[in-house]
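The values are calculated or read from the model by the stated rules, or taken from the named source; none is laboratory data. Computed from a predicted structure; not experimentally measured. Note that we place each Cβ from the backbone using ideal geometry, even for glycine, and neighbour counts take in every protein chain shown.
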């Protein structure tokens, strides 16, 4: 399944956020993969962040990561950079898909 999310940076925290993502802990990346994620990409437009996640089951992935110590620490760090966070409270909180290029017949 593909999930799209929107979060927003706090003004002035752009460089710190990008710097943090240059050194995501290997343990966290392994946990994300083990929870069923195949790909996770984040784009930034000014303060707006757009995440696209390809995973087996988004709700199951969140449940697997929610209380994992390495993820709890990472989310606490990220919360310091963000004005709009994704707080794990609603697995259905993704952006609605409007259009996708259909595969060629």
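Applying the criterion of at least 2 residues that are surrounded by 11 or more Cβ atoms within 10 Å (Cβ to Cβ), within 12 Å of the chain's Cα centre (by Cα) and modelled with pLDDT of 95 or more to the strands (runs of 3 or more DSSP E) found wholly in the stretch 8-84 leaves 37-45, 48-55.
Contact annotation: residue pairs with Cβ atoms under 7 Å, 6 or more positions apart or on different chains, pairing a residue in the stretch 46-69 that is closer than 25 Å to residue 10 by Cα with a partner that is assigned to a loop (DSSP other than H, G, I, E, B) and modelled with pLDDT of 95 or more, are 47/11; 65/35.
List pairs: first residue in the stretch 17-30 and closer than 18 Å to residue 7 by Cβ, second residue in a helix (DSSP H, G or I) anywhere in the structure, Cβ distance under 6 angstrom, at least six positions apart or on different chains. Close Cβ pairs satisfying both conditions: 28/70; 28/74.
Of the residues 97, 104, the single one that is assigned to a loop (DSSP other than H, G, I, E, B) and in contact with a strand residue (DSSP E or B) (Cβ under 8 Å, 6 or more places away or on another chain) is 97.
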